[in-house]
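Engineer: Take this structure first; my questions come after.
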Amino acid sequence: MTSTPNPMRAALAFQLEAGADEAVAGVARRWYRDPATALAPQPTRALPPAPAVSARALPPIATSDDPATATARALAAAATSVDELKRALQAFDGCALKDTATNLVFADGAFGAPLMLIGEAPGREEDRDGLPFVGAAGKLLDRLLTAIGRDRSNAYISNILFWRPPGNRQPTPGEIAACLPFVERHIELARPRVIVLLGGTAAKSLLGRSDGITRLRGQWLAVQTAGMEHPVPAMATFHPAFLLRQPAQKRAAWRDFLAIRARLDAES
Ligand code: URA
């Protein structure tokens, strides 16, 4: 029998993993509701407007004379629904990763949810199952989501690349350029209120910034594509696979996820 995930239990488990090893009070306190604690005012605080990031300002990873990228742009722009977008990707032959992958890894979770998370690329388990974030990093991501009261029924998850790079190597600029028009159209169709960019590849590709993830994470930035009326508030944070290798960074990721929850509360 599977039990329903408990957000408080997940938050506690995550904090233990992040290195919290001491109880600071003998009586449990409702930190999120208590007006004396820092988090309580956040949902009602006026949030600074998310800065606009022009799609035109993106670095030139998607060169206009690259035929694969031009085809990707045309196919993605023609898609008027998420099903059409997935079919367009299935028909797209401009990314050589398709030849070595077992499955297209498109998305998981609730299309149209207020929260959309975007990772880097499928790994072995994702390639096998055709779903993003189902391996060890995905389990950690699920725990982080549970700790902020979410799961795949109210969050939407995808990646910058839709096929696994062999041996989980870093995506090349050409592969990112070929997939990016589909990623941008995916966001336009899903219309999330908040975007979380998991790791440096997602952050750099969608924010048009060359800074590393350590600099980019933890701040409210914005994703804007050519087809969006308004920029979408976006926060970059460490990739769960990195957190598995560097558990000491879970503390920073936890802060990011608390800010993400506060923003989602404020945006609802
Ligand atoms: N890492 C990612 O970036 N995406 C996945 O889907 C799985 C692992």
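Engineer: Keeping every protein chain present and rolling a 1.4 Å probe, give me the accessible area per residue for the stretch 143-268 in Å².
Structural biologist: On a per-residue basis, 37 Å².
Engineer: Here is a further query. Please give, to one decimal in nm, the separation of the simple spin-label points placed at ALA91 and THR71, each 7 Å out from Cα toward the Cβ.
Structural biologist: 1.2 nm
Engineer: So which aspartates and glutamates can LYS98 reach, going by Cα to Cα under 17 Å and dropping same-chain residues fewer than 8 places off?
Structural biologist: GLU120, GLU125, GLU126, ASP127, ASP129, GLU175
Engineer: Which percent of the accessible heavy-atom area of the stretch 196-268 goes to carbon and sulfur, probe 1.4 angstrom?
Structural biologist: Looking at the stretch 196-268 in its full context, I get 45 percent from C and S.
Engineer: Select from the stretch 99-167 those GluC sites (Glu not before Pro) which occupy a DSSP coil region and have at most 11 other Cβ atoms within 10 Å, ordered by residue number.
Structural biologist: none
Engineer: So for the pair ARG191, THR102, with labels modelled 7 Å out along Cα→Cβ, what separation do we get in nm?
Structural biologist: Going by the 7 Å Cα→Cβ label model, 3.7 nm.
The values are calculated or read from the model by the stated rules, or taken from the named source; none is laboratory data. The structure presented is a predicted model; accordingly, all values stated were derived computationally and were not measured. Glycine gets a Cβ as well: all are built from the backbone with ideal geometry, and neighbour counts include every protein chain shown. Side chains included, ligands, DNA and RNA excluded: accessible areas come from the protein's heavy atoms. Shrake-Rupley method; radii C 1.70, N 1.55, O 1.52, S 1.80 Å.
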